[in-house]
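A short worksheet on the structure shown next.
The values are calculated or read from the model by the stated rules, or taken from the named source; none is laboratory data. It should be emphasised that the depicted structure is a prediction, and the values quoted were computed from it without experimental measurement. Reconstructed Cβ throughout: ideal geometry from the backbone, glycine too, with neighbour counts over all protein chains shown. Remember, those area values only see protein heavy atoms, side chains included, never the ligands or the DNA or RNA. Shrake-Rupley method; radii C 1.70, N 1.55, O 1.52, S 1.80 Å.
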Amino acid sequence: MKLAKYFIHKPNQTQQIVLGCLAYASARLYNIGNYQRKNWSKDSDKEYPDWYKQKKQLKENFWYKNLPSQTAQETLKILADNWDSFYQSMEDYQDNSDKYNGEPNPPNYKPKDSKFNFRYLNNGFKIIDGKLRLSIPKQLKSI
């Protein structure tokens with residue numbers, strides 16, 4: 001049984017545009033989720049925007065809809081993992097501040113011109129006759 005397949009994909013110009021659009025949408029969704037987390041405070045009457053709440057709340061967001069649902073959820077999962085790492089670093093810093101050069105920073109926003117890696121899960125793609133076929137979001141299927 002093969003669990004993973006590794007290959008190098010050299011996309012043509014059209015494929016580069018599609019992949020670029022998916023990377024852009026994923027980065028924008030990451031930034032929206034990051035904005036919600038950075039601007040949340042304990043004093044607000046709202047619950048902390050964790051991964052589960054964000055994926056439900058942002059389901060109707062433009063950038064969420066421009067990604068396959070699993071890819072959008074995975075983008076928010078990456079953000080949640082980054083924030084978990086930040087909180088763990090803050091705990092370590094508070095316990096051992098003499099070992100650190102400076103206080104840890106929360107996750108940054110992704111710049112518009114940067115390349116953002118996004119993830120397709122197992123059922124988000126197929127390899128048929130040596131060609132990679134990616135699923136597209138429901139919103140784009142009708143176009």
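Scaling against 2.2 N^0.38 Å puts the C-alpha radius of gyration of the range 55-113 at 1.50. Heavy-atom surface analysis with a 1.4 Å probe gives the range 22-143 a carbon and sulfur content of 47 percent of its accessible area.
Accessible surface area normalised per residue over the chain is 76 Å², counting heavy atoms of protein chains with a 1.4 Å rolling probe. Residues whose amide H lies under 5 Å from that of Phe125, counting only those 5 or more places away or on a different chain, are Ser135; hydrogens are built 1.01 Å from N in the peptide plane. GNM on the chain, alpha-carbon springs under 10 angstrom: the most fluctuating residue among Lys65, Lys38, Lys55 is Lys38. Rounded to the nearest whole Hz, the Karplus-based 3J(HN,Hα) values (6.51 cos²θ - 1.76 cosθ + 1.60, θ = phi - 60°) of the range 82-91 follow the sequence 5, 5, 4, 5, 4, 4, 5, 5, 5, 5, with x at glycine and proline. Using only the alpha-carbon atoms of the chain as identical scatterers, what base-10 log of I(q)/I(0) does the Debye formula give at q = 0.16, 0.21 Å⁻¹? Once normalised to I(0) and log-transformed, intensities are -0.95, -1.32. Couplings 3J(HN,Hα) of the range 121-137, computed from phi: 7, 3, 8, x, 8, 9, 10, 10, 6, x, 10, 7, 10, 9, 6, 10, x Hz, in residue order, whole Hz [Karplus 6.51 cos²θ - 1.76 cosθ + 1.60, θ = phi - 60°; x for Gly and Pro]. For the chain, the residue among His9, Asn82, Asn108 whose Cα projects farthest onto the positive side of the dipole built from Cβ charges is His9. The dipole here belongs to the chain: it is taken about the Cα centre, uses +1 on the Cβ of Lys and Arg and -1 on the Cβ of Asp and Glu, and is about 1160 debye.
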